[in-house]
1. Full extension from His19 to Glu37: what is 0.36 nm times the residue separation minus their Cα-Cα distance, to one decimal in nm?
2. Please flag any cysteine in the chain that has no other cysteine's Cβ under 4.7 angstrom from its own Cβ.
3. Would you mind checking the tilt of helix 57-66 against the longest principal axis of the Cα atoms of the chain, expressed as 0 to 90 degrees and rounded to 10?
4. Please list the three semi-axes, largest first and in whole Å, of the ellipsoid equivalent to the chain, using sqrt of 5 times the eigenvalues of its alpha carbon gyration tensor.
5. Eigenvalues of the Cα gyration tensor times 5, then square-rooted: what semi-axes does that give for region 78-158, in whole angstrom, largest first?
6. Shape of region 7-66 from its Cα gyration tensor (a ≥ b ≥ c, root eigenvalues): rounded if a/c is under 1.5, otherwise prolate when a/b > b/c, or oblate?
7. Per 0.36 nm of contour for each residue apart, how much would the distance between Leu86 and Tyr61 grow if the chain were fully extended, relative to their Cα-Cα spacing?
8. As I understand it, the dipole of region 67-117 uses +1 on the Cβ of Lys and Arg and -1 on the Cβ of Asp and Glu, about the Cα centre. Which of Val80, Pro113, Phe70 lies farthest toward its positive end?
Amino acid sequence: MSFAVSAQLEARLDELTTHYPVKRSASLMFLHALQEEFGHISPEAVEWTAKKLGLQPINVYELVTFYPMFRQEPLGKTHVKVCRTLSCALAGSASIRDHFCKKLGLDPHAHTPQTTPDGKFTVEFVECLAACGTAPVVLVNENLHEQVTTAKADAILAGGK
Ligand code: FES
């Protein structure tokens, strides 16, 4: 896939750098904007950001690999985030994630987000989704699902794009 930043986005990012005493301080804002535009941070996006900010690509990679909100791989159309923090763990979130993974043919033991080959679903464990009282909790794209059972998980998959 080719990587091309629109003139509009580039102009917005160029303007953004004027708000910082040094260009490299805009690195995180660049990465957020590029991820919003392209869905993930590709090697090309890293190169582009480094060039724009007068950095080496490794300086940008350090940020991409350090902060968990940055993704280096494209997500599936339906992004299933299963909370693994204490309340949800005690309420069985691991078995809910296993259920999603088994239904989708993904490895339930993987530690990183997994995407189905058709690009329809990504499943991952995340930390607290701030709805601990109704554990186990699953965030599907922007929709929060509470007290998730395997039956609810099946309904979520059936409604996936
Ligand atoms: S522990 Fe799962 S939402 Fe807080």
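1. Gain in length upon complete extension: 4.4 nm.
2. Cys101, Cys128, Cys132
3. 20 degrees
4. Sorted largest first and rounded, they come to 35, 17, 14 Å.
5. 19, 13, 11
6. Oblate shape, in that a/c is at least 1.5 and b/c is the bigger or equal ratio.
7. 5.9 nm
8. Val80
Rule-based calculations on the coordinates, nothing more; no lab input. None of the values given here were measured: they were computed from a predicted structure. We place every Cβ from the backbone using ideal geometry, glycine too, and count neighbours over all the protein chains shown.
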